[in-house]
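Each remark here refers to the structure printed beneath this line.
The values are calculated or read from the model by the stated rules, or taken from the named source; none is laboratory data. As the structure is a prediction and not an experimental result, all values here were calculated from the model. Cβ placement follows ideal geometry from the backbone for every residue including glycine, while neighbour counts extend to all protein chains displayed.
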Amino acid sequence: MAMLNVEVDGRNVEVPHGATVMEAANKLGIFVPHFCYHKKLSIAANCRMCLVQVEKAAKPMPACATPATDGMKVWTHSDAAKTAQKGVMEFLLINHPLDCPICDQGGECQLQDLAVGYGGSTSRYDEPKRVVFHKNMGPLISAEEMSRCIHCTRCVRFGQEVAGVMELGMIGRGEHSEIVSFVGKSVDSELSGNMIDLCPVGALTSKPFRYSARTWELSRRKSISPHDSLGANLVVQIKQNKVMRVVPLENESLNECWISDRDRFSYEGLNSEQRLTKPMLKENGAWREVSWQLALEHVAKRLVEIKQAHGADTIGALISPLATLEEMYLAQKLMRGFGSDNIDFRLRQSDFAADGKRKGFPWLGMRIVDIGGLDRVLIVGSFLRKDHPLLAARFRIASKRTQDVNIIHVADDDLLLNVANKAIVPPQLLPEMLGQVIKAIAESRNLPVPSAVAGLEVEDAARRIAASLASGKLPGVFLGNLAEQHPRAGELNALAQMLAEMLGGRFGFLGQAANSTGGYVAQCLPMGQGLNAIKMLEAPRKAYLLFGLEPELDCHNPAQASKAIGMAEFVVSITSYRSTAADDADVILPLAPFTETSGTLINCEGVSQSFNGVVRPAGDARPGWKILRVLGNLLGIAGFDYDSSEAVRDEACGARNLLELLCNEVNGISLSLGEACENGLQRISDVPIYFSDPIVRRAEALQLTSDARQPKAWMSSAVAQSLGLAAGGKVKIVQSGTAVLEVGLDDRLPAQTVRVAAAHLSTSALGPMFGPITVEKA
Amino acid sequence: MSPQINAPVLSVEALTKIDREIAKYPLDQKQSAVMAALIVAQDEKGWLAPETMDFIANYLGMPSVAVYEVATFYNMYNLQQTGRFKLTICTCLPCGLQGALAAADHLKKQLGIDFNETTADGQFTLKEGECMGACAMAPVVLVNNKRMCDYMSVEKLDALVAELRNSSPQKV
Ligand code: SF4
Ligand code: FES
Ligand code: FES
């Protein structure tokens, strides 16, 4: 389509049809003052700050809402425009408090900034200002000063359009308008913190950060979020070597201009009281602070002793999937140099059938930016909103346009997006449901039905999903975290591949953690005869090297992990925090978290992002790559003389082109569909968003949110009735261990299932994340 | 994650009326019926309690706060319990210029209450209203959103109050 020629402030610019005057001006780099306009939100045109002069228009026009037309002439800084803008500013300031020195937003307030340019030096009003009462919006957002609100409705539109849930609204009318949440409700969206950034004034501010520092006292450093597979870009703001606040760094191809609340508020965990600051050695059951030298020498000595006594393969290493590429690489180099292939980072995985059968490193299967362009999507086994808050937002926005989102999952949580079709099945039947979809597509397209799925009976839900997928041009199939943690993960992988091939589409993994793809790149997994994360615990080792994890929370079977580690002769835990697991260790070495070390994370789309430490390590904590380097040297392993983390990274990546090595294909996985006939209750586990890793577990404000509530035993009322249970009652859950939990009712759960969250101390004694479970009245 | 089951707050008759309103709009635009649904609910309950609005939100598949926005925008919706009779007097400029303010003062004195208050016996609530499209007949008083009284002189106001006070409890 032909472009439109527009003249703004005497300069010509070409814009496409449908562009606004605001966009034309922005394209020329001309700033038009504005409050309600935001490039990622719908147009509201309610603040009127963007008034400009347009040729042949009798009145000033709002640039954000005026469509550009061919030959249009616009003046953004003419006398007429400026008079209009100043008039609007005077209106806005009638009721806005003029006490910037005591406002938390002072110094980073768009109203303050624009008032300097467009406001008068005195006010013509001496009437009393309007007072708006403060609101309680929960532990993250402070709405203490709602008199400052200028009713731009950015916060409301963000909820509706990006977060997918309208938690804030504007009640009343005219000068009685107020921003509120519904009577007595807190704001619970996992993306809510973005409203703080969007609010152009000091009405919505960060509750944890409020009044703890001034914006101009903070230095700003770039970083990468370690909390999910997206690799959101962050600006970490620090004062006196302490992280005070985290905000997004715009990266259109990853996090756009948003971050999740987990990325934003997890920093409180960095400053936790439980941070370890000194190496410690256990002597006769009591902890003693020691020097690094002594601690590391002790570790080396003990490892050598155990190797001599029992062989190197009695030593195992479990590495957190949040660890950096450098840390993972050095850990495996150390283990292999020492003679053991027992190393793994896939701590919550239980089925390793695909090992040795992969053609490459598992990944998303496409660029993140291309998600929006898919017209048909199937997401299998994902607590999408909580596991991947920002990927969910991309699907949400696409689902409002032309994308059909189909879901196969074990729970029917509200994803806040337009779900076209869904099949909610008990966990043990997840592969069968995927198989049914394959069969339905084969039948509808008159293709030969793959023998593995031929015996399945196709239910209506599968047929509907198949019809949706088959009707698209650009389909995509995604396996979520639960699918990767599933006891038949290998089969799910093979089935997704079969489906994608049949559809001529892409398939991939949403990615369990920040460095899940990086772990494969670093070869931080058994490559030969070594034991994987499950086997290392099933067949207990004599010694364990634990890096960055809390095994009683971060493993697939925490009960087994605690037991194996408890029995070991020697355990060294390289960790940032004191915890029960650290108590089981013989040596604990204080690890610098992501803000205190340089490193690299490879996100789900295979993009490798390196970052620097933003503050000095707390106390004597040290970056992981340095700890491992010294340990490697003490053990006399060759090639541990790196002088920077970059040198480690370069060695880890080598001359390979990573993007060419990404591939989700597996060959030779045997499929046995339709054979599972486990009766009785089955456990469904989710990893709740604010229990997912050691840092967020210690972020105080996040722990007060509704997503961090004490886990319950969720079941349908049918299950509860059959067991004679009522909501709120106590039940004893028995797996390989037991736990006592409160009953919660959720009728959207599939029949014969009980949902019990993982990654929480109250449930860690139970056993594996999946499998049979029994429930008794406590 | 905490599914809440909403016990119906409204009677079957009220729900039937709401269903009739919903039927006027396309299936995927149920929320267009929100204003009508709120009127039905208020007629039955006398006012719109949070749980009533929450119920309607669920019933129409829209966010609670969006219902709240509508209910607070229009001042004929009662967000608090009112007395048996809600008297709304228009105090907009045209009425104001034609004696509405004096009429309001008279009512306040007679009832012994200010705007947004209810008499101790629970009979009357006094409200300030916006233009009712009857500016030529000022002052105007609206009784319980349904009955419009115009040219409200002091005598007619007193007569109205007396009539309502003596009306049988069933009759609204
Ligand atoms: S609270 Fe902030 S973002 Fe929301 S309407 Fe008011 S000024 Fe705008
Ligand atoms: S920015 Fe255009 S009206 Fe607010
Ligand atoms: S101004 Fe009172 S009815 Fe119009």
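Worth a mention:
- If you filter the stretch A:150-178 down to residues that are among the aliphatic types (A, V, I, L, M) and under 25 Å from the mean Cα position of the chain (by Cα), you find that the one that is nearest to ligand 2 (Cβ to nearest atom) is A:156.
- When the helices (runs of 4 or more DSSP H) confined to the stretch B:4-118 are screened for residues that are within 12 Å of another protein chain (Cβ to nearest Cβ), those reaching at least 2 such residues are found at B:50-60, B:64-73.
- Close pairs from the stretch A:426-444: first closer than 18 Å to residue A:670 by Cβ and touching a residue at least 40 places away in the same chain (Cβ under 8 Å), partner β-branched (Val, Ile, Thr) and part of a helix (DSSP H, G or I), Cβ under 9 Å, at least 6 apart: A:432/A:453; A:434/A:453; A:435/A:453; A:438/A:453
- Search result, residues across the stretch A:161-184 that are within 12 Å of chain B (Cβ to nearest Cβ), in contact (Cβ under 8 Å) with a residue 60 or more places away in the chain and of a type outside the set (A, V, I, L, M, F, W, C): A:164
- One residue from A:734, A:743, A:756 being more than 14 Å from every other protein chain (Cβ to nearest Cβ) and not small (Gly, Ala, Ser): A:734
- Residues located in the stretch A:740-762, provided they are touching a helix residue (DSSP H, G or I) at 6+ places or on another chain (Cβ under 8 Å) and over 12 Å from residue A:715 (Cβ atoms): A:757, A:758, A:759, A:760, A:761
- Within the stretch A:157-168, considering residues that are outside any loop (DSSP other than H, G, I, E, B) and under 14 Å from residue A:186 (Cα atoms), the one farthest from ligand 3 (Cβ to nearest atom): A:159
- Every listed requirement among (1) touching a helix residue (DSSP H, G or I) at 6+ places or on another chain (Cβ under 6 Å); (2) touching a residue at least 40 places away in the same chain (Cβ under 8 Å); (3) more than 14 Å from chain B (Cβ to nearest Cβ) is met by residue A:190 save one, (3).
- Residue in the stretch A:74-87 that is within 27 Å of residue A:168 (Cβ to Cβ) and modelled with pLDDT of 95 or more present: no
- Only one of A:147, A:121 that is more than 14 Å from chain B (Cβ to nearest Cβ), of a type in the set (Gly, Ala, Ser) and either assigned to a loop (DSSP other than H, G, I, E, B) or within 16 Å of ligand 2 (Cβ to nearest atom) (or both): A:121
- Extreme residue, surrounded by the most Cβ atoms within 10 Å (Cβ to Cβ), among residues of the stretch A:246-293 that are of a type in the set (Lys, Arg) and assigned to a strand (DSSP E or B): A:275
- Residue list for the stretch A:229-245, filter: of a type outside the set (Ser, Thr, Tyr) and assigned to a loop (DSSP other than H, G, I, E, B): A:230, A:231, A:232, A:240, A:241
- Conditions (1) within 27 Å of residue A:15 (Cα to Cα); (2) in a loop (DSSP other than H, G, I, E, B); (3) touching a Pro at 6+ places or on another chain (Cβ under 8 Å): number failed by residue A:129: (1)
- Here residue A:734 meets each of (1) among the hydrophobic types (A, V, I, L, M, F, W, C); (2) within 30 Å of residue A:227 (Cα to Cα); (3) touching a Ser or Thr at 6+ places or on another chain (Cβ under 7 Å) with one exception, condition (2).
- Only one of B:143, B:154 that is farther than 25 Å from residue B:45 by Cβ and β-branched (Val, Ile, Thr): B:154
- Breaking point among (1) free of Cβ contacts under 8 Å to residues at least 40 places away in the same chain; (2) closer than 23 Å to residue A:384 by Cβ; (3) part of a loop (DSSP other than H, G, I, E, B), for residue A:226: (1)
- Selected residue (only one of A:771, A:724 is at positive phi and surrounded by fewer than 15 Cβ atoms within 10 Å (Cβ to Cβ)): A:724
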